[in-house]
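Trainee: Mind having a look at this structure? Questions to follow.
The values are calculated or read from the model by the stated rules, or taken from the named source; none is laboratory data. This structure is a prediction, so every number in the text was calculated from the model and none was measured. Virtual Cβ from ideal backbone geometry, glycine too; neighbours counted across all protein chains shown.
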Amino acid sequence: MNTRIFGRTGRAVGEIGLGTWQLGAGWGDVTDEVALATLRAAWDAGTTLFDTADVYGMGRSETLIGKFLRETPAARGKVYVATKLGRFSPPGWPENFTRTGVRQHTEASLKRLGVDALDLTQFHCIPFDVLKKGEVFEHARELKREGKIRDFGVSVESMEEADFCVRQEGVAALQIIFNIFRQKPIATLFAEAKKRNVALLVRLPLASGLLGGKMKKGQTFPANDHRNFNRDGQQFNVGETFAGLPFEKGVELADALKSLVPAGETLADFSLRWCLDFDAVSVLIPGAKNPEQARANTRASSLAPLGAALHAKLEEFYAREVAAHIRGAY
């Protein structure tokens with residue numbers, strides 16, 4: 001696995017990390033045994049950054065990562081764990097954004113992960129109005145001074161939020177939605193993030209599986225899978241599900257991309273490689289529900305860049321076929 005420097009932290013991480021929302025909840029059922037096997041497979045394949053959140057399974061994802069770290073001594077100190085806070089209840093909104101709430105959730109994450117300090121804590125898509133008040137950033141700076149966290153960042157929904165947060169003192173990382181179907185960050189964020197040496201974590205690089213290339217129109221998902229219950233933004237930002245595209249349209253667009261995929265690659269390989277071709281990107285955090293998916297995600301690191309001509313085609317495809325169909329904060 002190739003590595004990249006994670007912004008101003010100076011930490012080298014494998015350029016393809018692992019998102020662990022799937023191992024907590026919201027993507028159908030995953031047993032503890034399979035979840036731990038998935039973490040081990042990612043580690044064995046060179047993944048050294050796990051992204052999680054306190055709210056994923058109400059602590060389950062963090063607890064599983066903590067168990068993995070205890071059972072895998074070689075990974076302790078080498079796996080960079082990026083967690084998030086702000087959406088857990090109790091106490092819930094708006095108390096989560098107070099000094100007391102931020103500290104309460106930080107202490108809970110430390111306990112579940114079994115670590116002395118959090119590598120990175122991120123405010124988890126909290127209201128823009130709260131971010132603009134600035135108090136949460138001061139709460140994080142205080143925790144860093146105390147050694148409870150090493151660095152802090154923000155997981156954002158829109159590029160307006162990203163532009164604001166990238167300029168805040170001490171912000172080490174931003175987590176954004178970025179994929180072939182969501183190209184706006186290229187023009188609106190990448191230059192500023194590079195200028196300020198802020199790391200970018202890319203979530204949904206496969207658009208909730210659409211860019212895996214295996215989905216069909218009319219496909220159904222389990223009742224406890226967000227691709228069923230949040231397909232049209234019924235529970236949270238629609239952009240978190242299928243990158244904000246209506247499902248049927250997303251399948252159609254993914255199928256249209258298959259003719260551009262180089263021989264010997266899958267659409268997933270191609271889509272992940274496209275994201276990696278941008279040097280502003282620090283790490284991709286595709287999810288996985290089993291060891292096979294975790295291993296498959298890492299293949300893109302060994303593939304050749306797509307080249308300027310193919311990038312130009314994908315830029316034009318996005319502008320002509322995709323952009324008008326994106327819903328939600330962007």
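Trainee: Output the residue which, of all residues in region 125-147 that are among the basic types (Lys, Arg) and under 21 Å from Ala329 (Cα atoms), is nearest to the chain's Cα centre (by Cα).
Mentor: The extreme case among them is Lys132.
Trainee: Name the residues in region 184-202 that are surrounded by fewer than 19 Cβ atoms within 10 Å (Cβ to Cβ) and not acidic (Asp, Glu), would you?
Mentor: Lys184, Ile186, Ala187, Thr188, Phe190, Ala191, Lys194, Lys195, Arg196, Asn197
Trainee: Being within 13 Å of Trp27 (Cβ to Cβ) and either acidic (Asp, Glu) or without any contact (Cβ under 8 Å) to a residue 60 or more places away in the chain (or both) narrows it down to one of Glu248, Glu240, so name that one.
Mentor: Of Glu248, Glu240, the one residue that is within 13 Å of Trp27 (Cβ to Cβ) and either acidic (Asp, Glu) or without any contact (Cβ under 8 Å) to a residue 60 or more places away in the chain (or both) is Glu240.
Trainee: Quickly run through region 28-78 and pick out the residues that are of a type in the set (D, E, K, R) and closer than 28 Å to Gly10 by Cα.
Mentor: Arg40, Asp44, Asp51, Asp54, Glu62, Lys67, Arg70, Glu71, Arg76, Lys78, listed by residue number.
Trainee: Filter region 261-307 down to the residues that are acidic (Asp, Glu) and closer than 30 Å to Phe68 by Cα, then identify the one that is surrounded by the most Cβ atoms within 10 Å (Cβ to Cβ).
Mentor: Ranking the qualifying residues of region 261-307, first place goes to Asp269.
Trainee: Within region 191-198, identify whether any single residue is free of Cβ contacts under 8 Å to residues at least 40 places away in the same chain, within 23 Å of Val261 (Cα to Cα) and either of a type in the set (A, V, I, L, M) or assigned to a helix (DSSP H, G or I) (or both), and answer yes or no.
Mentor: No: zero hits.
Trainee: A follow-up question, please. Gln22 fails exactly one of the following numbered conditions: (1) out of contact with any Cys (no Cβ under 8 Å at 6 or more places or on another chain); (2) at pLDDT 95 or above. What is the number of that condition?
Mentor: For Gln22, the exception is condition (2).
Trainee: In this structure, is Asp255 over 14 Å from Ile16 (Cβ atoms), among the acidic types (Asp, Glu) and surrounded by 17 or more Cβ atoms within 10 Å (Cβ to Cβ)?
Mentor: Taking the combined requirement at face value, the residue does not satisfy it.
Trainee: Here's another thing I want to ask about it. Can you run down the residue pairs with Cβ atoms below 6 Å, 6 or more apart or on separate chains, where the first is in region 51-63 and under 15 Å from Thr121 (Cβ atoms) and the partner is of a type in the set (D, E, K, R) and modelled with pLDDT of 95 or more?
Mentor: Taking only residues 6 or more apart or on different chains, the pairs are Thr52/Glu62; Ala53/Lys84; Val55/Arg87; Gly59/Arg112; Glu62/Arg112.
Trainee: For the condition over 14 Å from Asn297 (Cβ atoms), at pLDDT below 95 and either charged (D, E, K, R) or in a helix (DSSP H, G or I) (or both), what is the one hit in Asp54, Asp29?
Mentor: Asp29
Trainee: Of the numbered conditions (1) under 14 Å from the mean Cα position of the chain (by Cα); (2) closer than 11 Å to Ala288 by Cβ, Ala37 satisfies every one except a single condition; which is it?
Mentor: Looking at each condition in turn, Ala37 falls short on (1).
Trainee: Restrict the check to region 1-14 and report whether at least one residue is among the hydroxyl-bearing types (Ser, Thr, Tyr), surrounded by fewer than 16 Cβ atoms within 10 Å (Cβ to Cβ), out of contact with any Lys or Arg (no Cβ under 8 Å at 6 or more places or on another chain) and not in a helix (DSSP H, G or I).
Mentor: Yes, region 1-14 contains a residue that is among the hydroxyl-bearing types (Ser, Thr, Tyr), surrounded by fewer than 16 Cβ atoms within 10 Å (Cβ to Cβ), out of contact with any Lys or Arg (no Cβ under 8 Å at 6 or more places or on another chain) and not in a helix (DSSP H, G or I).
To keep it simple, each residue is scored yes or no on (1) farther than 20 Å from Glu169 by Cβ; (2) touching a Ser or Thr at 6+ places or on another chain (Cβ under 7 Å).
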site: Glu95; (1), (2): yes, no
site: Val102; (1), (2): no, no
site: Thr106; (1), (2): no, yes
site: Ser109; (1), (2): yes, yes
site: Val115; (1), (2): yes, no
site: Leu118; (1), (2): no, yes
site: Pro127; (1), (2): yes, no
site: Val130; (1), (2): no, no
site: Gly134; (1), (2): no, no
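Trainee: Let me ask another. Within region 26-51, which residues are at positive phi and either of a type in the set (Val, Ile, Thr) or touching a helix residue (DSSP H, G or I) at 6+ places or on another chain (Cβ under 7 Å) (or both)?
Mentor: Result: Gly26, Gly46.
Trainee: Sticking with this structure for a sec: Among the residues of region 26-46, is there at least one that is surrounded by fewer than 23 Cβ atoms within 10 Å (Cβ to Cβ), among the hydrophobic types (A, V, I, L, M, F, W, C) and touching a strand residue (DSSP E or B) at 6+ places or on another chain (Cβ under 6 Å)?
Mentor: Yes, some residue in region 26-46 is surrounded by fewer than 23 Cβ atoms within 10 Å (Cβ to Cβ), among the hydrophobic types (A, V, I, L, M, F, W, C) and touching a strand residue (DSSP E or B) at 6+ places or on another chain (Cβ under 6 Å).
Trainee: Turning to a different aspect of this structure: Quick one: which helices (runs of 4 or more DSSP H) lie wholly within region 259-329 and hold at least 2 residues that are among the acidic types (Asp, Glu)?
Mentor: 308-317
Trainee: From Ile186, Ile149, grab the single residue that is more than 24 Å from Glu240 (Cβ to Cβ), of a type outside the set (Asp, Glu) and out of contact with any Gly (no Cβ under 7 Å at 6 or more places or on another chain).
Mentor: Ile149
Trainee: Return the pair list, or none, for Cβ contacts closer than 6 Å from residues in region 167-187 that are part of a strand (DSSP E or B) to residues that are of a type in the set (S, T, N, Q), at least 6 apart or on different chains.
Mentor: Ala172/Thr9; Gln175/Gln122; Gln175/Ser155
Trainee: Would a scan of region 214-221 turn up a residue that is touching a Ser or Thr at 6+ places or on another chain (Cβ under 8 Å), modelled with pLDDT of 95 or more, under 19 Å from Ala288 (Cα atoms) and crowded, with 17+ Cβ neighbours inside 10 Å?
Mentor: Within region 214-221, not a single residue is touching a Ser or Thr at 6+ places or on another chain (Cβ under 8 Å), modelled with pLDDT of 95 or more, under 19 Å from Ala288 (Cα atoms) and crowded, with 17+ Cβ neighbours inside 10 Å.
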